[in-house]
Amino acid sequence: MQPKKGIHYGTALLSLMLASSLALTACGGSGGGNGSNGNAANGGNAANGNASGGNGANGAADGSGAADAGGTNDGGNAAPAEKTTIEFWANQFENTTNDWFKKWVAEFNKSQDAVEVKIQIVPGDAWAQKMKAAQAAGKAPDLYTMNYGSIANSAKLAQIQPLDGLIDGGKFDDVYDNIKDFVSAQGKFYAYPMLVEPSAVLYYRKDLYEKAGLDPEKPPATWDELLANGKKLTEKGIFGLGTGGNAGDIGWSSWGLQYGAAGHLALTDDWSKADVLNDGYRAVVDFYANAYKSGIMPKQPLAGYTDMAPFGQGKLAQQVNGSWGIGQLRNDYKTLLDKVGVAPMPSKDGDPSATTATLGGWSLVVDGKSKHAQQAATFIGYLLAGDPNIMIDFFKTAQFSKFSPRKSVDEAMKADPAASQDPWRALIAEKVIPFAKAEPIYPYDVSLAVSTAIESAMKGTDTEKALEKADKDINDFIAKSKLAGTNPKQAQQ
């Protein structure tokens, strides 16, 4: 999902910039089930089916059916009280996503008599200033979208409220285990996840594989195989491999490879020192350097990492990109689709369970000072944690280029013809997402030091010297910014 005005689909750079700023400035129960999709139940007063008997305005988090937000518990005989108004800000994403938000806000508002949600779509380049001004004036929205990289720091600063007790805890049991950590901090859940997007997937031209004598049904499993294929595929006017070709893109697009090769990212867990002078990071640097020096990569990037245009235009035979690339190919290069192969990004040694991608994505949170936290959480439960068909509707609009963090949604997709018959969706859901890791929440300066080392080695600097400079730059940044000991995730343990 891509916020407008240049923020990339995977949200990584936005996540880390926001996290850096923050770091340095410091639903239903298991009962009756009639309201599981937000339709009125037993008198029409249930907001999202949280009430076990469906009689309450939006049901208590424990499923007891206790009324709130002006609802009653008398079977719907009493007239409903005036609706509570909830302000909801959503980042401006693709038009299809903006329309999806508006559609389901309207459906929620029609489904019950207790809560009225008012949505405002905010452009990405205006978000930070608008939110800061609203918070300073005490007029922040009740709920809003938030990327995963910002959650822990926002929780630490009490800018968002925990959802424990506001949303039925069973709803979080539906979230995949490796994604629960994305939305938790200080031992509590502070957000409900909407989607995940793997940062690295391999796209390749099957017809060019055949032309080069390669088996299109056997994509590379190791980095060496990927580079070897790239050499065979490179010819006049076509490069054998495209991936992040400058420090800005490599800074975040290489996180998955760093995890897979080194087993960790560039800082120690307590953020007290750099952790890049090891064989894992040497391997990552060498991978990029070898790809560049071999001539299979363009000397200058043909486009930003998130853009599939060079591949769609036939200038790249293989391209590493995020899952969002599927949407661009299906929307802009329809005649090419039967020639496209999709595979997990190869790992260093061919281990299919090794991490090669991080997961960016978005969630909904309740503002730390909201006076209507329960009602805001009720809407979150309806939209993101309720009827799986609501989220299936979203993933269809996204051309199945985004993926569900919920088990029940994936299970329901098996019965949906469009979803169940999509081989690319199935491949990424089964072979990439289960092994992917969360994006780091430390300041992006750290990632930029690593990517600068990679770029330097690509242009001829010795790998060891490049990493030694990164090590020094990171440790200098830690000292200057007093970063040591400030990891909000470690603070909760």
Phi-derived 3J(HN,Hα) across segment 380-390 with the Karplus relation (6.51, -1.76, 1.60, θ = phi - 60°), rounded Hz, x for Gly and Pro, is 4, x, 5, 6, 9, 10, x, 3, x, 5, 5
Pop a pseudo-label 7 angstrom from the Cα along the beta-carbon direction at both A426 and N95 and give the gap in nm to one decimal.
3.3
Spacing of the two label points (7 Å from each Cα toward its C-beta) at I121 and I238, in nm:
3.9
Using the basic label-point model (7 angstrom from Cα toward the beta carbon), what is the L337 to D393 distance in nanometres?
2.3
L163 accessible area, nearest 10 Å², 1.4 Å probe?
0
Say R0 is 25 Å: what FRET efficiency, to the nearest 0.05, do K480 and D181 get from their beta-carbon distance?
0.30
Amide H within-cut-off set for K315, under 5 Å, with H built and near neighbours excluded
none
Quick one: Karplus J couplings for segment 267-276, per residue in order, coefficients 6.51, -1.76, 1.60, θ = phi - 60°, nearest Hz, x for Gly and Pro?
10, 5, 4, 8, 6, 8, 7, 6, 9, 10
Tell me which residues come under 5 Å, amide H to amide H, from L267 once H is placed; ignore anything under 5 positions away on its chain.
D275
For segment 226-237, Karplus-derived ³J(HN,Hα) couplings (6.51, -1.76, 1.60; θ = phi - 60°; whole Hz; x for glycine and proline) come out as 4, 5, 5, 4, x, 5, 5, 8, 6, 8, 4, x
How much length is gained on full extension from D416 to K465, taking 0.36 nm per residue of separation minus their Cα-Cα distance?
12.3 nm
Want the number for K211 to Q490: 0.36 nm per residue separation, take away the alpha-carbon distance, what's left?
95.3 nm
What residues qualify as long-range amide H neighbours of M194, i.e. H under 5 Å apart, gap of 5 or more or another chain, H built at 1.01 Å from N?
W362, S363, L364
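The values are calculated or read from the model by the stated rules, or taken from the named source; none is laboratory data. Note that the coordinates shown come from a computational prediction; the quantities given were computed from them, not determined experimentally. We place every Cβ from the backbone using ideal geometry, glycine too, and count neighbours over all the protein chains shown. Ligands, DNA and RNA are excluded from the accessible area calculation, which covers all protein heavy atoms including side chains. Shrake-Rupley method; radii C 1.70, N 1.55, O 1.52, S 1.80 Å.
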